[in-house]
Amino acid sequence: MALSLPTLSPPDYQHARLLRYYSFYGFERVKEVGDGGLADLGDQIVWGGVGTRMNADVGRMLAKWTPTLRARRRRMEAEERGA
């Protein structure tokens, strides 16, 4: 299953930060929306602007992040019991 994410273009420094953030979590750049003229019109209407379309494979994301999230939950539960 694929997950698609629009990263709208705010100021350039913030857009670059969002791209790095989402890439860290497993999203990959698919296309720049707004450079294709009328071909991008549908994406612009749905998303409300121009930016970078990013996709991620949900199965790979779950495989990568589930152990980390479970460990974090166990630590938080242990802290609550100890508090």
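Computed quantities for the displayed model
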quantity	calculated
Some residue of the stretch 18-27 being under 16 Å from Ser4 (Cβ atoms), among the hydroxyl-bearing types (Ser, Thr, Tyr) and part of a loop (DSSP other than H, G, I, E, B)	yes
All positions within the stretch 1-22 that are hydroxyl-bearing (Ser, Thr, Tyr), surrounded by 14 or more Cβ atoms within 10 Å (Cβ to Cβ) and at pLDDT 80 or above	Tyr22
Leading residue by the ranking (surrounded by the fewest Cβ atoms within 10 Å (Cβ to Cβ)) among those in the stretch 53-83 that are out of contact with any helix residue (DSSP H, G or I) (no Cβ under 6 Å at 6 or more places or on another chain) and not in a helix (DSSP H, G or I)	Ala83
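The values are calculated or read from the model by the stated rules, or taken from the named source; none is laboratory data. Since this is a predicted model, take the numbers as computed values, not measurements. Every residue, glycine among them, receives a Cβ derived from its backbone with ideal geometry; neighbour counts consider all protein chains shown.
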